[in-house]
């Protein structure tokens, strides 16, 4: 997959570039790698979650290739694949394993299967089965686990080849920095490793050293934050279901979808601001449009990210916008 014509000697520059060989960055990469467990072999930090996704795909497939994606892939990832317009992209329902097998049999030389787990609509996919099918056909599996973070789910333990994650969300926890990671479940040879490090440097996709230091300090509170946010979220989700609201929630983490509401409803919230991220210690509401009409017969929903505030205060804030009769 990797372009063999690149002069590997230029990768030597990596060792002299202080942005990537800086102690703070190297120390954080080593620390995070251990947090992914024994199945993680290599970890590289990037300047955002999207940089992690686009970097690893372009590195593996520098010119062209064939990629199977979930029909519920993260919107920005799917948009990027469409924009670069050099890959053959096949979108299917990865919950249907028979469809996956059929697609592989009909298309030769598939390079990658790419999906989020859970999906953006909070459905868990059978990663072990997908990996088995993929590996039987010499296909790599890349999983984005940003929706719940490595704290709750590590796709490498289910056999995925590569994990990409946005640390701008839960791992940072404060919405004030952007960072991502590419984690390999297999060892890279020394030449490929050096080339990848240099590739990230050339493109300016590396993180700054101050962000590395800041993220390292926030790992110390990750366990406390994740448990408390999940507890708050589960409480609110259960209460909203009791009020006959349609909720999509994967069961862990602080994010859920409240179906059938619009931005005009979100503007009535007094304690939960409208914003576009999630996983922070403060609560956020993000209006989303163009929902899957066929599956849910409606096209608006609010994505809530629950923080560490008082759960009753948050619940009462959400209650004021509810439509009791759906």
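At a glance:
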read-out	value
Among (1) crowded, with 16+ Cβ neighbours inside 10 Å; (2) in contact with a helix residue (DSSP H, G or I) (Cβ under 9 Å, 6 or more places away or on another chain); (3) outside the structural domain of residue 74 (by TED's automatic domain parsing), the one test that residue 265 misses	(2)
Set 244, 232: member being touching a residue at least 60 places away in the same chain (Cβ under 8 Å), exposed (fewer than 13 other Cβ atoms within 10 Å of the Cβ) and not assigned by TED's automatic domain parsing to the domain that holds residue 119	244
Residue within the stretch 285-295 that is modelled with pLDDT of 95 or more, part of a strand (DSSP E or B) and out of contact with any helix residue (DSSP H, G or I) (no Cβ under 9 Å at 6 or more places or on another chain) present	no
Condition broken by residue 164, with the remaining ones in (1) within 17 Å of residue 52 (Cβ to Cβ); (2) modelled with pLDDT under 90; (3) touching a helix residue (DSSP H, G or I) at 6+ places or on another chain (Cβ under 7 Å) satisfied	(2)
Residue in the stretch 156-164 that is more than 26 Å from residue 225 (Cβ to Cβ), surrounded by fewer than 24 Cβ atoms within 10 Å (Cβ to Cβ) and either free of Cβ contacts under 8 Å to residues at least 60 places away in the same chain or in the same structural domain as residue 274 (by TED's automatic domain parsing) (or both) present	yes
Enumeration of residues in the stretch 103-127 that are modelled with pLDDT of 95 or more, in a loop (DSSP other than H, G, I, E, B) and in contact with a helix residue (DSSP H, G or I) (Cβ under 9 Å, 6 or more places away or on another chain)	110, 111, 117, 126
Selection count where residues are over 19 Å from residue 309 (Cβ atoms) and in a loop (DSSP other than H, G, I, E, B), scope the stretch 253-266	3
Single unsatisfied condition, residue 76 versus (1) farther than 15 Å from residue 165 by Cα; (2) modelled with pLDDT under 95; (3) out of contact with any strand residue (DSSP E or B) (no Cβ under 8 Å at 6 or more places or on another chain); (4) assigned by TED's automatic domain parsing to the domain that holds residue 152	(1)
Out of 32, 100, 43, sole residue that is surrounded by 18 or more Cβ atoms within 10 Å (Cβ to Cβ), at pLDDT 95 or above and more than 17 Å from the chain's Cα centre (by Cα)	100
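The values are calculated or read from the model by the stated rules, or taken from the named source; none is laboratory data. What you see is a predicted model, and the numbers here were worked out from it, not measured in a lab. No Cβ is skipped: glycine too gets one built from the backbone with ideal geometry, and neighbour counts run over all protein chains shown.
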